[in-house]
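Trainee: One structure, pasted below without further comment.
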Amino acid sequence: KPQDVYPILRTHLEKNPSVFGAAFAFAPREEDVERVLAAPYVYRKDGKLVQHEIVDAMPDYTVPENTWYSDPVKAGQAVWIAPYFDAGGAGADVYMTTYSVPVYAAGPGSALLGVATGDVLLPKPAAK
């Protein structure tokens, strides 16, 4: 369940101070003929850990433009996302990169469960 993921993400950030934010974006599922998405996210802000549901700001994170989700799913393996400017998406305007790992169920079929991410802040590029 999505709400069960928040404590895991919080613990991960508490133990890894160099990680700015972490998420688990569940693979889409059907529920009563409706497509359901959930992506708990925890990030650092003003010295505290903040919980956020990505779907509140990004209703469909599975679209190809959201490379932090689509690239590892397409590759079938962990990927680093090219550095990008996240305008308010993580509660602030920040430059960062994301390490994204697709997570699959064990056993035959290896169904995609979702994508686990870790965000790392980068220094702002120098003005040209």
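Trainee: Any idea how far apart D56 and A105 come out in nm if each label point goes 7 Å out from Cα toward Cβ?
Mentor: Between D56 and A105, the simple spin-label model gives 3.0 nm.
Trainee: Something else now. So how exposed is E14, as accessible area in Å² (1.4 Å probe, rounded to 10)?
Mentor: The value for E14 is about 120 Å².
Trainee: For R10 and A126 in the same chain, what is the full-extension length gain: residue separation times 0.36 nm, less their Cα-Cα distance, in nm?
Mentor: Full extension from R10 to A126 adds 38.6 nm.
Trainee: Stretched out fully, how many nm does the piece from R35 to A75 gain, at 0.36 nm a residue minus the Cα gap? Write out the running numbers ahead of the final one.
Mentor: Numbers: separation 40, 0.36 × 40 = 14.40 nm, distance 2.32 nm.
The span from R35 to A75 would gain 12.1 nm if fully extended.
Trainee: Of all GluC sites (Glu not before Pro) in region 33-74, which ones are in loop regions per DSSP and have a Cβ with at most 12 other Cβ atoms within 10 Å?
Mentor: On the way: sites: E34, E53, E65; in loops: E65.
Here the GluC sites (Glu not before Pro) that fit, given the DSSP loop and packing criteria, are E65.
Trainee: Using 0.36 nm per residue of separation minus the Cα-Cα distance, give me the extension gain between E65 and K48 in nm, one decimal.
Mentor: Extra length from E65 to K48 when fully extended: 3.2 nm.
Trainee: Next question. Measure nothing but the geometry: give the 0 to 90° angle between the long axis through the Cα atoms of 2-15 and the longest principal axis through the Cα atoms of the chain, rounded to 10°.
Mentor: 40 degrees
Trainee: Give me the percent of the accessible area of region 2-94 that comes from carbon and sulfur atoms, probe 1.4 Å, all protein chains in place. Don't skip to the end; give the middle numbers.
Mentor: Working: 2970 of 5500 Å².
Result for region 2-94: 54 percent of the exposed heavy-atom area is carbon or sulfur.
Trainee: Additional query: Given a 1.4 angstrom probe, what's the average accessible area per residue across the chain, in square angstrom? Can you show the working numbers first?
Mentor: On the way: 7730 Å² over 128 residues.
Result: 60 Å² per residue.
Trainee: Then there is this: Just one of [x] 14.8, 52; [y] 14.2, 42; [z] 15.9, 52 is Rg and Dmax of the Cα atoms in Å calculated from these coordinates, so which is it?
Mentor: It is the value labelled [x].
Trainee: Oh, and also: For the peptides 17-23, 44-50, what is the packing order when you average, over each peptide's residues, the other Cβ atoms within 10 Å and list the highest mean first? Please list the in-between numbers first.
Mentor: Numbers: 17-23: 19.1, 44-50: 11.6.
Final packing ranking: 17-23, 44-50.
The values are calculated or read from the model by the stated rules, or taken from the named source; none is laboratory data. Fair warning: this is a prediction, and the values are worked out from it, not measured in the lab. Neighbour counts run over all protein chains shown; Cβ positions are idealised from the backbone, glycine included. To get the accessible areas, we keep the full protein, side chains included, count just its heavy atoms, and leave off ligands, DNA and RNA. Shrake-Rupley method; radii C 1.70, N 1.55, O 1.52, S 1.80 Å.
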